[in-house]
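S.K.: Pasting in a structure now, in structure tokens, and then I'll have a few things to ask.
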Amino acid sequence: MHSAARQENLLKMGPVWIFGLFLITLLPSQTGSVAVMSVDMGSEWMKVAIVKPGVPMEIVLNKESRRKTPVAIALKENERLFGDNAQGIAVKNPKVTFRYFQDLLGKRAGNPQVEAFKTRFPEYNLVDDERRGTVLFKLSDDLMYSPEELLGMMLNYSRSLSEEFAEQPVKDLVITVPVFFNQAERRAVLRAAQLAGLKVLQLINDNTAVALNYGVFRRKDINATAQSIMFYDMGSRSTVCTIVTYQTIKTKDSGTQPQLQIRGVGFDRTLGGLEIDLRLRDHLAKLFNEQKKSKKDVRENQRAMAKLLKEANRVKTILSANNDHMAQIEGLMDDIDFKAKVTRQELEELCADIFARVSSPVQQALSSAEMNLDEIDQVILVGGSTRVPKVQEHLLKAVGKEELGKNINADEAAAMGAVYQAAALSKAFKVKPFIVRDAAIFPIQVEFTREVEEENNIKTLKHNKRILFQRLAPYPQRKVITFNRYTDDFDFNINYGDLSFLGPEDLKVFGSLNLTTVKLKGVGESFQKRSDYESKGIKAHFNMDESGLLSLDRVEAVFETFVEEKSEQESTLTKLGNTISSLFGGGSSTQDNQDNVTDSVQEDEEGPNGATKDEDPVSSDQTSEQKNSETEKTTAESEKQEEKKEGDKTESQNVKEDEADKESEAGKAAEADSKKTVVPKKQKLVDEIGADQTLNDVLDFLEEEMKTATKKLQDLTDRDLQKHEREKAANSLEAFIFETQDKLRQDEFVKVSTGDEREEISSKLSKASTWLEDEGYAATTKELKDKLIELRKSCKALFFKVEERRKWPDRLSALDSLLNHSTIFLKSARMIPEDDQIFTDVELNTLEKLINDTWIWKNETLAEQAKLRPTEKPVLLSKDIEMKLGALDREVQYLLNKAKFSKPKPKKKSNTTKSENSEKNSTEGEEKVIPPTEENKEDKPKDAEPVQEPPAEEKSEIPELGDSEADSTTSKSSELPEENHKTEL
């Protein structure tokens, strides 16, 4: 089923899939499992894409052959269901079916979004995690699951789909996350993947993945002129508006390559299709209560509300293309049916305040990018909720465009962009470079407090802030902050910066603004140990990686001093070379740039060209001077060459005199340096400083908690595998029983069996069917497999006779054809003249004996088989026919290959005529050579004597057999029928 569906999808993708072949190629050195995957984990739907050898960038089909899977998990007592199966359980038992749990990732129990989740979905029993301060889904006193564990289950399920689709293990993946996910939320996603045993290559923002997918398939349209595209993505749970600039840039390693840069981002965490569904659900509940068919309030029935939410989603989808639709649910509550008409106008009035928020993300994105609408080339829709007509109407007004772009797959763009990034990060694939400059939308800063002396020698505490990453700072990026005024252990905090661009509600949902407290240990000891050195400060190295996660790599105490070195350590030649170099304007600076008195932040950022900014300004200055020196040298040399070409003696003489003067001065400088005894040299020392970090936003899992959670998920996975294996065994047994019972009534089975044999087999099948219905539900996998093996043994003889009779016609026909062709080949081979014969008598006699023996075996076996009744075991076996076919075919092929690679024998020279003799005498003993004809020119050996072409009637032929590549000549006198010249084995 998957294979057929996959082929159909490839045909639909057409040029896009073919284009993908040129974007992603497998490196030849890689073997084994090399497939990589991406997971676009939305609030309502999950899309999985894969890249493997021969299949670049393809969406993975689930077990229902659908291209997207509902994000839903049902945890029953002895069963765990995913996707569509879990969604079906949600209506019957909503308490055990978990959905929209991503809203709880990385959030404390008191977060407004957690409280809103409890209000919208009262069927869930949420309890507090006392240690971490987060929430847990409670099923029983002994069974509780965190949101990270539920996400880990979903990720593990996505891997099982990918492995079944790729037919090989898959472990590496890229996961999409909302761009507004903060540090705690991103860490939660990584922990979920770790629980699932997956290796995350990168967390990529879903808006960046969409932009990458758009750019990859429009690579030819990107040039040096920047073009700005706005992507408006409204999904089930949130809305994000992104402004992206595309253009080509020159890189140091790869030349000119396309690049996308995130310029501006605006978002609304709670603006999405779910809000519309909830409004419509409550409206349908109100209509049901107004019908007064039941005395109970439908809003107090969790199962009924789950049915209404599902129906609301269906009605909303239909109203996107129709003006009205009938909502109807059979047996909504107390076996009471519900039916009500809903119009698009009613829906728009219910959600008027929701639609009014459509333009807000657009204004945020323009403001953060410092752009106006005139600079936007196109607005493209992404996400399923953008299909709502009222959303498009409000968006058109907000962007002031004539139309909205719909030239991208709104559902799969993020998954396809993420899987391209996965292939780029994998070592197994080589992709065409596409530079991605993502942006961190939340600024991060370092805060610390220190004593400051003011007037009257009064010491006060001063609170300082240093920005590490500005709003929309590109990443990945490294930064270094230097503390210059500390000589003992101290603390500092890593916090979010100015978030005034967020509204009051968004700030509450955002959570803690304090990220990490860092306590340094060993600063005082380092200063005491290096008291004779000059301090260059305490340097803290920070890194924001490709996933947007900030980390403190290391903290170092840096010191410098000048040490004395004897001049004898340098050779005279080295000193002379350095002096001459200095005369041309080169040389390195010996003066060190002083650090600022206040603390400073330095960038160690990788630019688009792959170059890095060095932390040490002295090193950068030296590099620049060396480059200038080399430039001046190159210029001087080119000027000398031009002067030489002009041939001016006077100017040439002046140049030589100038060079002599310079060499003399260089010699004097070298002699003066040799008299010095010491040369000062700068030495740099670095001490590692210990740093204890404490999270202030959301506590991470302890090591023991990670082990427990991993084992809990693995036990569930093992149970699912055992259950799947048992179901597979039960289905195989049941299918065998029904199929065999049907076969016993078919003519070909009746013909080769007696009534008693069929009755015996039928009786065993009936007993097995009864056992399966009565006791099969409690049977183990082994018992089911053993029962199937037992039944197959009982039917083995019957199936064997039927299978042999099915094979006889094709096998015998092939044997007859090969015997006929071999006989023709043998006759033709014997007709070859003795002078041209390439086969030996032994070879031809061996083939003749093999042909005769095969004819005799066939006729005798067929005669013996004809004497047997159909119910008896046959003596004519398909395997024996195949053995005879193989033996005869090998012998013929051997002779054909010999004929193909053999060279014609050289013929003896015939007696010359008198005229030829007289001609030979007239040419003083020179031998006349007959030029080769076009037919024998290529086959003629290099050192062979010239051979005269025999008459046409003396030519013989080796007939062509089937697919053989043997060469053959054309025979005019062959008496074989024409159809025998082209035969097949």
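S.K.: Which ones in segment 150-206 are crowded, with 24+ Cβ neighbours inside 10 Å and of a type in the set (Asp, Glu)?
M.R.: Across segment 150-206, the qualifying residue is only 206.
S.K.: I'm trying to understand the selection: among the residues of segment 92-110, which are within 23 Å of residue 47 (Cα to Cα) and in contact (Cβ under 8 Å) with a residue 60 or more places away in the chain?
M.R.: 100, 102, 103, 105, 106
S.K.: Now, a different point. In this structure, does residue 386 turn out to be more than 30 Å from residue 301 (Cα to Cα) and either surrounded by 12 or more Cβ atoms within 10 Å (Cβ to Cβ) or touching a residue at least 12 places away in the same chain (Cβ under 8 Å) (or both)? Let's see the steps before the verdict.
M.R.: Working: more than 30 Å from residue 301 (Cα to Cα): yes; either surrounded by 12 or more Cβ atoms within 10 Å (Cβ to Cβ) or touching a residue at least 12 places away in the same chain (Cβ under 8 Å) (or both): yes.
Considered against the rule, which asks whether it is more than 30 Å from residue 301 (Cα to Cα) and either surrounded by 12 or more Cβ atoms within 10 Å (Cβ to Cβ) or touching a residue at least 12 places away in the same chain (Cβ under 8 Å) (or both), residue 386 comes out as yes.
S.K.: Within segment 323-370, can you find the residues that are at positive phi and among the small types (Gly, Ala, Ser)? Give the derivation first.
M.R.: The first filter runs over segment 323-370 and keeps only residues at positive phi, leaving 331, 334-335, 370.
The one that is at positive phi and among the small types (Gly, Ala, Ser): 331.
S.K.: Count, please, the residues in segment 207-240 that happen to be surrounded by fewer than 18 Cβ atoms within 10 Å (Cβ to Cβ) and of a type in the set (Gly, Ala, Ser).
M.R.: 2
S.K.: I've got another one for you. In segment 907-922, is there at least one residue being of a type outside the set (Asp, Glu), at pLDDT 90 or above and part of a helix (DSSP H, G or I)?
M.R.: The initial filter retains those residues of segment 907-922 that are of a type outside the set (Asp, Glu), namely 907-915, 917-918, 920-922.
Filter once more, so that each one left must be at pLDDT 90 or above: none.
The answer is no, given that none of the residues of segment 907-922 is of a type outside the set (Asp, Glu), at pLDDT 90 or above and part of a helix (DSSP H, G or I).
S.K.: From the list 827, 849, 767, exactly one residue is outside the structural domain of residue 891 (by TED's automatic domain parsing) and among the charged types (D, E, K, R). Which is it? Show your work before the answer.
M.R.: Working: 827 fails: outside the structural domain of residue 891 (by TED's automatic domain parsing); 849 fails: outside the structural domain of residue 891 (by TED's automatic domain parsing).
Every option except 767 fails the conditions.
S.K.: Does any residue of segment 290-300 turn out to be under 25 Å from residue 181 (Cβ atoms) and not assigned by TED's automatic domain parsing to the domain that holds residue 98?
M.R.: Filtering segment 290-300 for residues under 25 Å from residue 181 (Cβ atoms) gives none.
No: zero hits.
S.K.: Considering only segment 200-212, I want to know if a residue exists there that is over 28 Å from residue 76 (Cβ atoms), outside any helix (DSSP H, G or I) and of a type in the set (D, E, K, R). If you could, list the steps in order and put the result at the bottom.
M.R.: Quick first cut of segment 200-212, residues over 28 Å from residue 76 (Cβ atoms) only: 200-212.
Add one more test, that the residue is outside any helix (DSSP H, G or I), and what stays is 200-205.
From what's left, of a type in the set (D, E, K, R): none.
Taking every residue of segment 200-212 in turn, none turns out to be over 28 Å from residue 76 (Cβ atoms), outside any helix (DSSP H, G or I) and of a type in the set (D, E, K, R).
S.K.: Another question about this same structure. Filter segment 390-424 for residues that are of a type in the set (Lys, Arg) and outside any helix (DSSP H, G or I); which is farthest from residue 207 (Cα to Cα)?
M.R.: Let us first name the residues in segment 390-424 that are of a type in the set (Lys, Arg), namely 390, 397, 401, 406.
With outside any helix (DSSP H, G or I) added as a condition, the list becomes 401, 406.
Numbers: 401: 21, 406: 16 Å.
The extreme case among them is 401.
S.K.: Follow-up. Can you tell me which residue is nearest to residue 489 (Cα to Cα) among those in segment 413-459 that are among the β-branched types (Val, Ile, Thr) and more than 30 Å from the chain's Cα centre (by Cα)? Lay out the reasoning, then the answer.
M.R.: Applying the first criterion (among the β-branched types (Val, Ile, Thr)) to segment 413-459 yields 419, 431, 435-436, 441, 444, 446, 449, 452, 458.
Right, trim to more than 30 Å from the chain's Cα centre (by Cα) and you get 444, 446, 449, 452, 458.
Working: 444: 23, 446: 17, 449: 12, 452: 17, 458: 22 Å.
For segment 413-459, the residue satisfying everything is 449.
S.K.: Quick one: would you say residue 107 is buried (at least 21 other Cβ atoms within 10 Å of the Cβ), of a type in the set (D, E, K, R) and in a loop (DSSP other than H, G, I, E, B)?
M.R.: Numbers: buried (at least 21 other Cβ atoms within 10 Å of the Cβ): yes; of a type in the set (D, E, K, R): yes; in a loop (DSSP other than H, G, I, E, B): yes.
So residue 107 fits the description; yes.
S.K.: Quick one: which strands (runs of 3 or more DSSP E) sit completely within segment 441-523 and have at least 3 residues that are exposed (fewer than 13 other Cβ atoms within 10 Å of the Cβ)? Give the derivation first.
M.R.: On the way: elements: 444-453, 459-469, 473-475, 477-483, 491-496, 514-521.
The strands (runs of 3 or more DSSP E) meeting that bar are 444-453, 459-469.
S.K.: Scanning segment 804-824 for residues that are in contact with a strand residue (DSSP E or B) (Cβ under 9 Å, 6 or more places away or on another chain) and small (Gly, Ala, Ser), which turns out surrounded by the fewest Cβ atoms within 10 Å (Cβ to Cβ)?
M.R.: Filtering first and then ranking leaves 817.
S.K.: Going through segment 193-238 one residue at a time, which ones are charged (D, E, K, R), without any contact (Cβ under 8 Å) to a residue 60 or more places away in the chain and closer than 25 Å to residue 151 by Cα?
M.R.: Across segment 193-238, the qualifying residue is only 199.
S.K.: Now for a different question. Which pairs have Cβ atoms under 6 Å, sit 6 or more apart or on different chains, and link a residue in segment 61-74 that is assigned by TED's automatic domain parsing to the domain that holds residue 146 and of a type in the set (Asp, Glu) to one that is at pLDDT below 95 and not in a strand (DSSP E or B)?
M.R.: Correct list of pairs: 64/84.
S.K.: Let me ask something else about it. Consider segment 866-877. How many of its residues are within 59 Å of the chain's Cα centre (by Cα) and surrounded by fewer than 17 Cβ atoms within 10 Å (Cβ to Cβ)?
M.R.: So in segment 866-877, the residues within 59 Å of the chain's Cα centre (by Cα) come out as 870-877.
From what is left, the residues that are surrounded by fewer than 17 Cβ atoms within 10 Å (Cβ to Cβ) are 870-873, 875.
Result for segment 866-877: 5.
S.K.: Have a look at 727, 734, 688, 705 and point out the one that is surrounded by fewer than 13 Cβ atoms within 10 Å (Cβ to Cβ) and not in a strand (DSSP E or B). Even if it seems obvious, please write down each step before you answer.
M.R.: On the way: 734 fails: surrounded by fewer than 13 Cβ atoms within 10 Å (Cβ to Cβ); 688 fails: not in a strand (DSSP E or B); 705 fails: surrounded by fewer than 13 Cβ atoms within 10 Å (Cβ to Cβ).
Only one candidate qualifies: 727.
S.K.: Okay, next question. Condition (residue is buried (at least 21 other Cβ atoms within 10 Å of the Cβ) and among the acidic types (Asp, Glu)) applied to segment 279-293: is it met by at least one residue?
M.R.: Looking for residues that are buried (at least 21 other Cβ atoms within 10 Å of the Cβ) and among the acidic types (Asp, Glu), one finds none in segment 279-293, hence no.
S.K.: Return the total of residues in segment 45-68 being in contact with a strand residue (DSSP E or B) (Cβ under 7 Å, 6 or more places away or on another chain) and part of a strand (DSSP E or B).
M.R.: Step one: of segment 45-68, the residues in contact with a strand residue (DSSP E or B) (Cβ under 7 Å, 6 or more places away or on another chain) are 45-51, 53, 56-60, 62, 67-68.
Filter once more, keeping what is part of a strand (DSSP E or B): 45-51, 56-59.
So the count comes out to 11.
S.K.: For segment 69-87, give me each residue that is in contact with a strand residue (DSSP E or B) (Cβ under 8 Å, 6 or more places away or on another chain) and not in a strand (DSSP E or B). Spell out how you get there, then give the answer.
M.R.: First, the residues of segment 69-87 that are in contact with a strand residue (DSSP E or B) (Cβ under 8 Å, 6 or more places away or on another chain): 69-75, 80-87.
71, 72, 83, 84, 85, 86, 87, listed by residue number.
S.K.: Could you say whether any residue in segment 46-53 is modelled with pLDDT under 90, touching a Pro at 6+ places or on another chain (Cβ under 8 Å) and buried (at least 21 other Cβ atoms within 10 Å of the Cβ)?
M.R.: no
S.K.: Now for a different question. Given the structure, is residue 282 free of Cβ contacts under 8 Å to residues at least 40 places away in the same chain and within 22 Å of residue 68 (Cβ to Cβ)?
M.R.: Details: free of Cβ contacts under 8 Å to residues at least 40 places away in the same chain: yes; within 22 Å of residue 68 (Cβ to Cβ): no.
When the stated conditions are applied, residue 282 does not pass them.
The values are calculated or read from the model by the stated rules, or taken from the named source; none is laboratory data. Please read these numbers as outputs of a predicted model, since none were measured by experiment. Positions of Cβ are generated from backbone atoms using ideal geometry, with glycine treated the same way; all protein chains shown enter the neighbour counts.
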